[in-house]
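Colleague: One structure, as structure tokens, below. Some questions next.
Each reported figure results from applying straightforward, stated rules to the coordinates on display, with no laboratory input. Please read these numbers as outputs of a predicted model, since none were measured by experiment. Positions of Cβ are backbone-derived with ideal geometry, glycine not excepted, and every protein chain shown enters the neighbour counts.
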Amino acid sequence: MAEDYGGPRREFFRLLMIELQSNLGIFEGKPGQLLFSYDQKALAENKFYTAGRLMAWSILHNGPGLKSINKELFMIMCGQKPDLTTFDLNNFLEKDLAEKLAKVVRCSTPEELTELKSSLGDWICDCGVPNIFTASMSDLPTIYGQLVTHFIYHRVASIIQQFTSGLNSCGRLWEVVLNNWKAFLPLFTNTRGALTRNEVRDLFHIVWSSPGSNRRDLEEETIFLWECWLISKSQNTWCGNWTILFQKTLTLRHMTIKVIAASSNYLGP
């Protein structure tokens, strides 16, 4: 058996998680802030169960998690109560929904509140917030949070239940997640930013040849190009005539995964 330290297996699951996020059709929203799609057809086809099961397989085999579910949604799934008063409306792809929620956010005077009750009161009531008709200005942040909860969680509750059932099909994993939700945050949500130049440099230790040797000259030229590439990627610039040697679409994270076959558990999304 080859001593590959599990690199091919981690790469397989890394690509599987990317495929699950982008092509299965069960998520929507901004990258790193995904919400479950309200898709009855996908629910009937058990796609959410399949997604949960595939993610469980990845985690149990030391692969990455999704690392892209909206953090507030994940916390609600785990029985927590996140602050939703500043929830980013851009996470919603439904333009009409985003506009209605934005109207709630912009309401800042008693006159605007009266108009809000008149124009959107019935809609807000149908979302499970019947106290909108007796609400005061101080109630609006809470009402906004309740509306967000309705659309990211309650509306898709059966979908989330199917997804977590898929996770539970492998060693009752979701039950473990519920009891240790903070520890699982990095596997389900985007908890870190992009790799920095210094973080990439620290992953490698250079073993130089003897000074003055031909190999040392080649090594120094190679390291010069390496440093040039790191600077260009970290600053979004390109170094002199070496531009042609580098692919502009290659990120520090993608490069590091390819070089050291590292799991994205350690490198972020």
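Colleague: Would you pull out the residues with amide H under 5 Å of K30's amide H, same chain only if 5 or more places away, H placed 1.01 Å from N?
Modeller: HN-HN under 5 Å from K30: empty list.
Colleague: Can you count the Lys pairs in segment 41-149 with C-alpha separation below 24 Å, eight or more apart or on different chains?
Modeller: Close lysine pairs found across segment 41-149: 14.
Colleague: Here's a follow-up. Only counting other Cβ atoms within 10 Å, I'd like M17, M55, M75 sorted with the fewest neighbours first. Please report the intermediate quantities before stating the final value.
Modeller: On the way: M17 23, M55 26, M75 19.
The most exposed by this proxy come first: M75, M17, M55.
Colleague: Exposure proxy check: V207, V156, V176 ranked by fewest other beta carbons within 10 Å? If you can, show how the numbers build up before the last one.
Modeller: Details: V207 5, V156 21, V176 15.
Lowest count first: V207, V176, V156.
Colleague: Assign one of three labels to segment 34-180, namely rounded, prolate or oblate, based on the Cα gyration tensor with a ≥ b ≥ c the square roots of its eigenvalues; rounded applies when a/c is under 1.5, prolate when it is not and a/b is larger than b/c, and oblate otherwise.
Modeller: Working: a/c = 2.77, a/b = 2.31, b/c = 1.20.
Prolate shape, in that a/c is at least 1.5 and a/b is the bigger ratio.
Colleague: Can you tally the net charge around L97? Count Lys and Arg as +1, Asp and Glu as -1, for every other residue whose Cβ sits under 12 Å from the Cβ of L97.
Modeller: 0
Colleague: If you don't mind, there's one more thing I want to ask. Quick check on the exposure proxy: order S138, S158 from fewest to most C-beta atoms within 10 angstrom.
Modeller: Fewest-to-most ranking of S138, S158: S138, S158.
Colleague: Rounded to the nearest 0.05, what FRET efficiency do N214 and R9 give with R0 = 22 Å and r taken as the Cβ-Cβ distance? Could you check?
Modeller: Working: r = 39 Å, r/R0 = 1.77.
Efficiency computed from Cβ-Cβ geometry: 0.05.
Colleague: Then there is this: Taking the highest mean first, how do the peptides 46-54, 25-33, 183-191 order by number of other beta carbon atoms within 10 angstrom per residue? Each step should come with its number before you reach the end.
Modeller: On the way: 46-54: 20.9, 25-33: 16.4, 183-191: 18.1.
Those peptides, ordered most packed to least, come out 46-54, 183-191, 25-33.
Colleague: Taking 0.36 nm per residue of sequence separation and subtracting the Cα-Cα distance, how much length would be gained by fully extending the chain between R201 and L225, in nm to one decimal?
Modeller: Numbers: separation 24, 0.36 × 24 = 8.64 nm, distance 1.31 nm.
My answer for the length gained is 7.3 nm.
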